[in-house]
Amino acid sequence: MIRFSENHSLKAHNTFGIDAKAKYYFEFTDLEDLEVFLKSNKSWKEEKLIVLGEGSNILFMNDFDGLVIHPNVPGMNSVWEDRNHEWIEVGAGEVWDEFVEFAVNQSLGGAENLSLIPGKVGAAPVQNIGAYGQEVCRLIEKVKGFDLEKGCAAEFSATECGFAYRNSVFKNYLKNRFIITSVIFRLDKFPEFNLGYGQLEEKVKEKGETNLQSIREAVIEIRSSKLPDVKELGNAGSFFKNPVVDNEIVEQLKEKYKDLPVYSGGEGKSKLAAGWLIEQAGWKGKRIGDAGVHEKQALVLVNYGKATGKDIYALSEEICKSVSEKFRVSLEREVNCI
């Protein structure tokens, strides 16, 4: 199935609910349809281009004067298994949380900590999504898709994806050049549970038995209590990355802020909680017009109805400025601002 239109509204294609428009919009469900479209519409090379999934990590500040390609490829299929693992190939157009639910129902572990993260499966490798001590890169075996520059199908092993904290080769070198059509995940038949982050272990214990289902339920409850539903309040989840800084900076901050949350950030580095920094800078629950900071989670910027992308971006600029002035720590946006 294909869909092509001009002056296409993107309001339903971004979770902030910004009513930006795309000059051209192309949606496909099969790789062959994409190849036919590109060959029969040579002028696409002259257009600016973005690849858009559910738009759960994007902020449109203007209409997009170019081509939006939406890979809506379906499917969840087992492609291989051995005694300890099963490999599942999932189409880029599948809803991420529906895949997590599928894995848990099949008693396959690895994705349960990533429950209720918004977005489509195709966006998961791009952002290297993560939550509660788990990152999706640990599950990925292979990423498959189409290289627009070379004009052919291609695939990347996990090593070739260049995964890092909220980062990958698809977010940098291959940004808007490689269109992900499916991802192969390696899931565990005998999973080791990861409960060491935040209040997850405590919440799971409340449920009695520790298993994939109880972990998924606990994650959903925690996220639902802190994060707004994108169907009810426009947002893109965490707007900023947790900053990774030198341990020397942490020691200096600890002298003044005894309750500063600190996590391991690798050799000689520590990761700080961006939400805590923003809250301490006085932004939690603040609102400027229809752009605001969520009342329960300072890491989340929200659209109360009529905020423009520029309004939300301006708010993020003010937050960055005040956090820098107070803590001498720079915040980096996790959301892709167009």
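The values are calculated or read from the model by the stated rules, or taken from the named source; none is laboratory data. In this text the structure is predicted, and so the values were computed from the model without any measurement. Don't worry about glycine lacking a Cβ; one is built from the backbone with ideal geometry, like all the others, and counts go over all protein chains shown.
The set of residues in segment 117-163 that are in a helix (DSSP H, G or I) and either more than 24 Å from residue 240 (Cβ to Cβ) or touching an Asp or Glu at 6+ places or on another chain (Cβ under 6 Å) (or both) comprises 121, 159, 160.
With respect to (1) in the same structural domain as residue 165 (by TED's automatic domain parsing); (2) farther than 20 Å from residue 115 by Cα; (3) among the polar types (S, T, N, Q), the lone exception for residue 264 is condition (1). If you filter segment 303-316 down to residues that are modelled with pLDDT of 95 or more and over 13 Å from residue 335 (Cα atoms), you find that the one that is surrounded by the fewest Cβ atoms within 10 Å (Cβ to Cβ) is 304.
Looking only at residues that are β-branched (Val, Ile, Thr) and surrounded by 23 or more Cβ atoms within 10 Å (Cβ to Cβ) in segment 81-99, which one is farthest from residue 29 (Cα to Cα)? Among those residues, the one meeting the criterion is 88.
For segment 41-63, the candidate set comprises residues that are free of Cβ contacts under 8 Å to residues at least 24 places away in the same chain and of a type outside the set (Lys, Arg); within that set, the residue that is farthest from residue 313 (Cα to Cα) is 41. Taking the listed residues 107, 115, 43, the one that is of a type in the set (Ser, Thr, Tyr) and outside the structural domain of residue 176 (by TED's automatic domain parsing) is 43, with no other qualifying.
Regarding segment 57-72, can at least one residue be identified that is surrounded by 22 or more Cβ atoms within 10 Å (Cβ to Cβ), within 26 Å of residue 167 (Cα to Cα) and out of contact with any strand residue (DSSP E or B) (no Cβ under 7 Å at 6 or more places or on another chain)? Yes, segment 57-72 has at least one match. Note on segment 245-270: among residues that are within 22 Å of residue 196 (Cα to Cα) and hydroxyl-bearing (Ser, Thr, Tyr), the one that is surrounded by the most Cβ atoms within 10 Å (Cβ to Cβ) is 270.
In segment 196-212, of all residues being assigned to a loop (DSSP other than H, G, I, E, B) and farther than 17 Å from residue 226 by Cα, the one that is nearest to the chain's Cα centre (by Cα) corresponds to 196. Out of segment 171-223, which residues are over 30 Å from residue 29 (Cβ atoms), touching a strand residue (DSSP E or B) at 6+ places or on another chain (Cβ under 7 Å) and basic (Lys, Arg)? If the condition is that a residue be over 30 Å from residue 29 (Cβ atoms), touching a strand residue (DSSP E or B) at 6+ places or on another chain (Cβ under 7 Å) and basic (Lys, Arg), then 189 is the only one that fits. Selection of segment 196-222 for residues being surrounded by fewer than 18 Cβ atoms within 10 Å (Cβ to Cβ) and either polar (S, T, N, Q) or touching a residue at least 60 places away in the same chain (Cβ under 8 Å) (or both) yields 196, 197, 198, 199, 210, 211, 213, 220.
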